[in-house]
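The values are calculated or read from the model by the stated rules, or taken from the named source; none is laboratory data. Because the structure is a prediction, the values reported are computed rather than measured. Methodologically, a virtual Cβ is constructed for each residue, glycine included, from the backbone with ideal geometry; neighbour enumeration extends over all protein chains shown. Note: areas computed on protein heavy atoms with side chains; ligands, DNA, RNA excluded. Shrake-Rupley method; radii C 1.70, N 1.55, O 1.52, S 1.80 Å.
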Amino acid sequence: MTAHTGKLVLAGLMASFAVEAAAQDLTLYSWREQEIPLWEHISQNNLIDGVTINFVRIPADNYDNKLRIDLQDGGPDLFQGRAGAAWLKSFVDAGIVAPLDGSIDLSGLAAATLSAGQGADGTQYGVPFAVQMESILYNKGVFAANGIEEPKTLDELKAAADTLKAAGVTPFSFGGRSGWWLNQVVGEVMTAGLMDDATAQGLIDGSVCFTDEAFVETLATVKGWMDAGLMNAAPLADDYGAMRTAVALGEAAMMIDGAWSSGPSSPMYEIDPTLEIGFMPVPGKNGKVYAFGDGSYLANANSEHAEAVNKVLAFTTTKEFAELFAGMVGELPVYGGDYAIEDPRLAEIAGLVANNSASATPFFAYALNSGEPSYGQLVADGYQELLNGSISPEDLAAKIQAGLNSWGYVGAANCQ
Amino acid sequence: MAKMSYNRKANLQRIALLTPGLLLFGIFNFLPLVALLGLSLVNWPGIGDADFVGFENFRKLAREPYYRDQFVNALVQNVWMFVLIIGAMLLLGSALALLLSFGTTGRGAYRAIYFLPYPLAGAAVAFLLDLMVQPRGAINTFFVKTMGWWDAPIGFLGDTDLALPTLAMFYAWHRMSFAIVLILSAIVGVRVILLEAAMLDGASRWRMLKAVVFPVLAPAFVLITVIVMVDVFNNADYTLLLMGPEAGPLRSTDVLGTFLFRTSFGGSATSVNVNFGMAAAIGLVTALLILPAALFLALKNLRKD
């Protein structure tokens, strides 16, 4: 070997080493299948300088246990967390999740979404990833075929449901077998539609009790739909998937669900590719949809690649990421400034969230969920009892109140 | 060196034969059980540091209504599920095994059909079950639309009285061939001379079954009972797959396995107090509850042989 070729080989080795060192491969755990194309795109186009993301999707049912078990032995560099301090608590206590690095600037994000990544004391631990809207989702084709306009009051809704029932269509599809859907979706959408924001906020700070007439009405309205035969025959036998299937098939007209079911990767389009989904709030006194920061991107404090991890988190706060997110995931990003939305469906959702969404989120409130039985638990169990016909709305409200009082929640003294 | 006595040799052989099994059992069964005891004394969410709490988890399980009520409910339903499953497996299993033993034409084919579900994964059976019993599933479609016998679909898994028996019946269907094979081999083992003697004495077919065949079947029954008992009290795959960790509707399908899972991994996004320690305590108490029954049956079986 001549000296010349020797130098070439050395240079080649150094170049390949430099490439190796620059391309840092990070692992990101998520339960969100819809983000797979987004992160593949980001890695393939090297949008975060020198960082590639190995996106590991774990089914939602298994997410928590797989994540916890893997974290015992290092775990991923980054992972997605569900919204709210209640979920974050054990990760913060264990030192897995640390307050966000000061270099990550969240000032460009919509302020209302930040709580998705905050602990009970307001410390920011994660970067929120999406704004979700929950409301009534309806099959536009079924509404049109039966000459129904979007109802603006509860009475109009009832009349529309009666028309649909007479035409042999199930007005409301309920998937009561899925407990998570009952508390995270039904409970919150009914509250946003029927209960004014101040009263709903009162539930969270303990100044309003769950036995309050306004809360009882949210339960009574659902019970009323069931008693009037406006729901599928066995609402507890159908799960979340069966509920969506019925609406996609046009056997049912409406369901209470998240706007994520209308996103481009929703399985509903596999049933009917031409399906068009409309959104409306439960048209009660408050008449608002429910919006919340869905969850957050979190850094594993024990990752050996802290610098690269922070680069990724910083990237998720940018306008560029927001536009990619809206385009490829089909959900609303948390970005607060102006960004382009091409999809008219998403633009409609963005409009509803901006102009007509409820801000109180009892489901994610730490004060209601820090003890057991938690508010989420009580509402899921409670709605099942209600749909089973074995409890009245008043008794259920009293039961939820008693369950929260049993561990001395924030309103316990006020609501005996 | 003196020649080894026969007894000494036999003892050495016994030790050599038992050691590998004992080692494997010790490493994979006994040590984890001891570790479980340690785990049951802490409060640990699965990550970070564990808090030593002594017997607090056991105290909560016995005293605190939140845990106690769930435990009692899960235990009672677990027993009910076991009774349903073992009843179906022993009764139907014996009947089918008897039919197969009678030299029926095409029994090879029957045997294959009965055995088909057994190698299926639990998850596949659970999925199949769901397709069958959903309100728009095969059973409801058949009886409501095809035959017109029912006015409305029956929500098998949404009915607090029907959900657990539905799961139990599918469990029994899935494992039935295991019972059939064991019972059939016992039937085949019945000594023909005994049957011939009974026949010569003029015994009826039923009498022969009762006096000659069934006593021989008892060990197979006991074996099936012990294996199914241990499985039904320790696992909850169908319930977890179909009803989720919350074991709905209204906890009507909750068994010890789902209660344990929910305690260690949480049921919903708002379960904040997940505790592997409590789950370990539940596991230990479950083991203690079924151990006497399993031992009694197994030892009884040994003596019979």
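Mind giving me the FRET efficiency for B:Ala138 and A:Arg57? R0 is 41 Å, r the Cβ-Cβ distance, nearest 0.05 is fine. Don't jump to the answer; show the numbers that get you there.
Numbers: r = 31 Å, r/R0 = 0.76.
Here the calculated transfer efficiency is 0.85.
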Where a Cα-Cα gap under 29 Å defines reach, which lysines qualify for B:Lys9, not counting those fewer than 8 residues away within the same chain?
B:Lys304
Residues of B:157-168, mean number of Cβ from any other protein chain within 10 Å of their own Cβ, rounded to a whole number?
3
Scalar couplings 3J(HN,Hα) for region B:95-106 by Karplus 6.51 cos²θ - 1.76 cosθ + 1.60 (θ = phi - 60°), nearest whole Hz, x for Gly and Pro, are 4, 5, 5, 4, 4, 5, 7, 7, x, 4, 5, x
To the nearest 10 square angstrom, what accessible area does A:Ile104 show with a 1.4 Å probe?
10
In nm, to one decimal, how far is the B:Arg63 label point from the A:Ala98 one, both placed 7 Å along Cα→Cβ?
4.0
Once you have a ≥ b ≥ c as the square roots of the Cα gyration tensor eigenvalues for region A:255-365, tell me rounded if a/c is under 1.5, and otherwise prolate or oblate according to whether a/b is larger than b/c.
prolate
For A:Tyr29, the residues 5 or more places away or on another chain with a placed amide H closer than 5 Å to its own amide H are A:Val56, A:Leu78, A:Phe79, A:Gln80
Compute the Kirkwood hydrodynamic radius of the protein assembly as shown, taking the inverse of the mean of 1/r over all pairs of distinct Cα atoms, and give it in Å to one decimal.
29.1
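Find the percent of Cα-Cα distances in chain B that exceed 26 Å, and round it to a whole number.
Values: 27934 of 46360 pairs.
Within chain B, distances greater than 26 Å cover 60 percent of Cα pairs.
Considering only DSSP beta bridges with both partners in the protein assembly as shown, what is the antiparallel share in %, to the nearest 5? Can you show the working numbers first?
On the way: 25 of 40 bridges.
Taking every DSSP beta bridge with both residues in the protein assembly as shown, the antiparallel ones total about 60 percent.
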Which whole-angstrom value gives the distance between the alpha carbon centres of region A:74-112 and region A:314-345?
20
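For the ranges A:332-339, A:300-307, what's the packing order if you count other beta-carbon atoms within 10 Å of each residue, average per peptide, and put the highest first? List each step's numbers first, then the result.
Working: A:332-339: 19.6, A:300-307: 15.8.
Sorting A:332-339, A:300-307 by mean packing, highest first, produces A:332-339, A:300-307.
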Surrounding net charge for A:Val185, when Lys and Arg each add one and Asp and Glu each subtract one, Cβ distance under 9 Å:
-3
When only Cα pairs under 8 Å and 6 or more residues apart are kept, what is the percent relative contact order across region B:66-200?
36
Would you rank B:Thr166, B:Thr160 by solvent-accessible area, highest first, keeping every protein chain in place and using a 1.4 Å probe?
B:Thr160, B:Thr166
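For region A:113-196, which GluC sites (Glu not before Pro) pass both filters: DSSP loop (anything but H, G, I, E, B) and at most 12 other C-beta atoms within 10 Å?
Numbers: sites: A:Glu134, A:Glu149, A:Glu156, A:Glu188; in loops: A:Glu149.
Counting only loop positions with at most 12 other Cβ atoms within 10 Å, the GluC sites (Glu not before Pro) in region A:113-196 are A:Glu149.
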Residue by residue through A:373-380, how many Cβ atoms from other chains fall within 10 Å of the Cβ on average?
4
Whole angstrom only: what separates the Cα centroid of region B:162-187 from the Cα centroid of region B:1-69?
31
To the nearest 20 Debye, how big is the dipole of chain B about its Cα centre, given +1 on the beta carbon of each Lys and Arg and -1 on that of each Asp and Glu?
1400
Karplus (6.51, -1.76, 1.60) ³J(HN,Hα), θ = phi - 60°, over region A:106-121, in Hz, Gly and Pro reported as x
9, 5, x, 8, 5, 4, 5, 8, 4, 4, 4, x, 10, x, 4, 8
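Hey, with R₀ at 41 Å, roughly what FRET efficiency would B:Val188 and B:Ala293 work out to, going by the Cβ-Cβ distance, to 0.05? Spell out each step's value before the answer.
Working: r = 29 Å, r/R0 = 0.70.
That pair, B:Val188 with B:Ala293, gives E of 0.90.
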Provide A:Trp225, B:Trp149, A:Trp260 ordered by accessible surface of protein heavy atoms (probe 1.4 Å), highest first.
B:Trp149, A:Trp260, A:Trp225
Please list, in chain and number order, the residues 5+ apart from A:Thr52 or on another chain whose amide H is under 5 Å from its amide H, with Hs placed from the backbone.
A:Gln24, A:Asp25, A:Leu26
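Counting alpha carbon pairs within less than 8 Å and at least 6 residues apart, what relative contact order, in whole percent, applies to region B:1-124?
Working: 30 pairs, mean separation 10.4, N = 124.
Computed value for region B:1-124: 8 percent relative contact order.
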For A:Thr170, tell me the accessible area in Å² from a 1.4 Å probe, rounded to the nearest 10.
40
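Rounding to the nearest 20 debye, state how big the charge dipole of the protein assembly as shown is about its Cα centre with +1 on each Lys and Arg Cβ and -1 on each Asp and Glu Cβ. Provide the component values of the computation, followed by the final result.
Numbers: 42 positive and 67 negative charges, 929 e Å.
That gives a dipole near 4460 debye.
Hey, with R₀ at 41 Å, roughly what FRET efficiency would A:Ser392 and A:Asp25 work out to, going by the Cβ-Cβ distance, to 0.05? Walk me through the numbers on the way to the answer.
Working: r = 57 Å, r/R0 = 1.39.
It comes to 0.10.
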Any chance you could list P(r) for region B:1-43, counting all Cα-Cα pairs in 10 angstrom bins from zero, rounded to whole %?
25, 27, 22, 16, 8, 3
As a test question: what accessible area, to the nearest 10 Å², does A:Asp343 have when a 1.4 Å probe is rolled over all protein chains in place?
50
Would you please classify the overall shape of region A:180-334 from the alpha carbon gyration tensor, given that a ≥ b ≥ c denote the square roots of the eigenvalues, rounded means a/c under 1.5, and beyond that prolate means a/b larger than b/c while oblate covers the rest?
oblate
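Greater than 31 Å separation of Cα atoms is the criterion. Which listed pairs, B:Lys210/B:Lys300; A:Lys285/B:Lys145; A:Lys158/A:Lys319, meet it? Present the calculation step by step, with values, prior to reporting the outcome.
Values: B:Lys210/B:Lys300 20 Å; A:Lys285/B:Lys145 41 Å; A:Lys158/A:Lys319 42 Å.
As for pairs spanning more than 31 Å Cα to Cα, those are A:Lys285/B:Lys145; A:Lys158/A:Lys319.
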Amide H neighbours of B:Val42 at under 5 Å, excluding residues fewer than 5 places away on the same chain, with H built from the backbone geometry, are B:Val53
Averaged over residues of B:131-143, the number of beta carbons from other chains lying within 10 Å of each residue's Cβ is 2
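With n ≥ 4 as the cut-off for DSSP H runs, can you work out [θ] at 222 nm for chain A, using -39500 (n - 2.57) per run divided by the number of residues, rounded to the nearest 500? Please list the in-between numbers first.
Values: 17 runs with 177 residues, N = 416.
Mean residue ellipticity, 222 nm, calculated: -12500 deg cm²/dmol.
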Report the charge-dipole magnitude of region A:133-182 in Debye, nearest 20, computed about the Cα centre from +1 at each Lys and Arg Cβ and -1 at each Asp and Glu Cβ.
200
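Which sequence of B:Trp206, A:Trp31, A:Trp407 reflects their accessible areas, 1.4 Å probe, from the largest down? Could the numbers behind the result be given before it?
On the way: B:Trp206 155, A:Trp31 35, A:Trp407 60 Å².
Largest accessible area first, the residues go B:Trp206, A:Trp407, A:Trp31.
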For labels at B:Ile27 and B:Ile113 in the simple 7 Å Cα→Cβ model, what's the distance in nm?
4.6
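Would you please calculate the Kirkwood hydrodynamic radius of chain A over all C-alpha pairs and express it in Å, rounded to one decimal?
Over chain A, the inverse of the mean reciprocal pair distance is 22.9 Å.
Could you work out the helix-only [θ] at 222 nm for chain B, with each DSSP H run of four or more residues adding -39,500 (n - 2.57) and the total divided by the number of residues, to the nearest 500 deg cm²/dmol? Could you put the intermediate results ahead of the total?
Working: 13 runs with 201 residues, N = 305.
One gets -21500 deg cm²/dmol as the mean residue ellipticity at 222 nm.
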Overall Cα dimensions of region B:1-123, principal axis frame, Å, largest first
64, 64, 25
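Counting pairs of alpha carbon atoms under 8 Å apart in space and at least six apart in sequence, what relative contact order in percent does chain B give? It would help to have the intermediate numbers written out before the result.
On the way: 323 pairs, mean separation 78.5, N = 305.
Relative contact order comes out at 26 percent.
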Through the Karplus equation 6.51 cos²θ - 1.76 cosθ + 1.60, θ set to phi - 60°, convert the phi angles of region B:20-35 into ³J(HN,Hα) values in whole Hz; use x for Gly and Pro.
x, x, 5, 4, 4, 4, x, 5, 8, 10, 6, 4, x, 5, 5, 4
